[in-house]
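The values are calculated or read from the model by the stated rules, or taken from the named source; none is laboratory data. No experiment lies behind these values; they were computed from the predicted model shown. Cβ coordinates were reconstructed from backbone atoms using ideal geometry, including for glycine residues, and neighbour counts include every protein chain displayed. The accessibility values were calculated without ligands, DNA or RNA, using every heavy atom of the protein model including side chains. Shrake-Rupley method; radii C 1.70, N 1.55, O 1.52, S 1.80 Å.
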Amino acid sequence: MEIINWKELLYPYEQAMEELLLKFNNLDKECRHLGIYSPIDSVSGRLKKPASIRNKLERFGRKMHVEEIEGFLHDVAGVRVICSYKNDVKRLMGLLRRQDDLEIVQVKNYIENPKKNGYR
């Protein structure tokens, strides 16, 4: 069985999360500084704990290897931006699309297509 150095494995995810947190917080500050409405109510981030990573891999029949974590799991780190109103989500997407140092790879629209558990 492969021994995983969790600190080393999670570090790039933590750095990416911190960079996105900074970007969203700066977008919020910029809007407020310019006197325009900010669609951002709050921003938070989290790193998945090793036990949670292990459980998810087991649930999907995957092996506990670094390659599996890096290739299969797309939620090792996460950033949550809360908007007060549904229209704010569209406004925020417009702001994000104008960023030249950010590439939007995938969009899941849970407002128009809520998850089975009701999450929007």
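If each Cα of the chain is one equal point scatterer, what is log10 of I(q)/I(0) from the Debye formula at q = 0.13 Å⁻¹? For the chain, the Cα-only Debye profile gives -0.66.
The angle between the Cα long axis of helix 6-34 and the longest principal axis of the Cα atoms of the chain comes to about 0 degrees, rounded to the nearest 10. Close amide H contacts of Gly45 (hydrogens built in the peptide plane, cut-off under 5 Å, sequence separation of 5 or more or a different chain): Arg80.
In the assembled protein chains, Asp75 presents an accessible area of approximately 40 Å² (probe radius 1.4 Å). Sparse packing (at most 15 other Cβ atoms within 10 Å of the Cβ) combined with a DSSP loop state is found for the following GluC sites (Glu not before Pro) in the range 25-120: Glu103, Glu112. Could you tally the net charge around Ser42, taking each other residue with its Cβ under 14 Å from the Cβ of Ser42, Lys/Arg +1 and Asp/Glu -1? Local charge sum for Ser42: +1. Note that the chain presents 76 Å² accessible area per residue, ligands and nucleic acids not counted, probe 1.4 Å. Calculated mean residue ellipticity, 222 nm, the chain: -15500 deg cm²/dmol, from DSSP H runs (n ≥ 4) at -39500 (n - 2.57) each, averaged per residue and rounded to 500.
The per residue volume of the convex hull around the alpha-carbon atoms of the range 1-60 is 94 Å³.
Using C-alpha pairs under 8 Å with a sequence gap of at least 6, the mean separation divided by the residue count of the chain gives a relative contact order of 28 percent.
Other residues whose C-beta falls under 10 angstrom from the C-beta of Asp75 contribute a net charge of +3, scoring Lys and Arg +1 and Asp and Glu -1.
Label point of Ile4 set 7 angstrom out along Cα-Cβ; within the range 56-82, amide nitrogens under 17 Å from it belong to 56-78. Relative intensity of the range 55-120 on a log10 scale, I(q)/I(0) at q = 0.14, 0.21, 0.30 Å⁻¹, equals -0.65, -1.03, -1.33, per a Debye sum over C-alpha point scatterers of equal strength in the absence of solvent. For the chain, with all protein chains in place and a probe radius of 1.4 Å, 50% of the accessible heavy-atom surface sits on carbon or sulfur.
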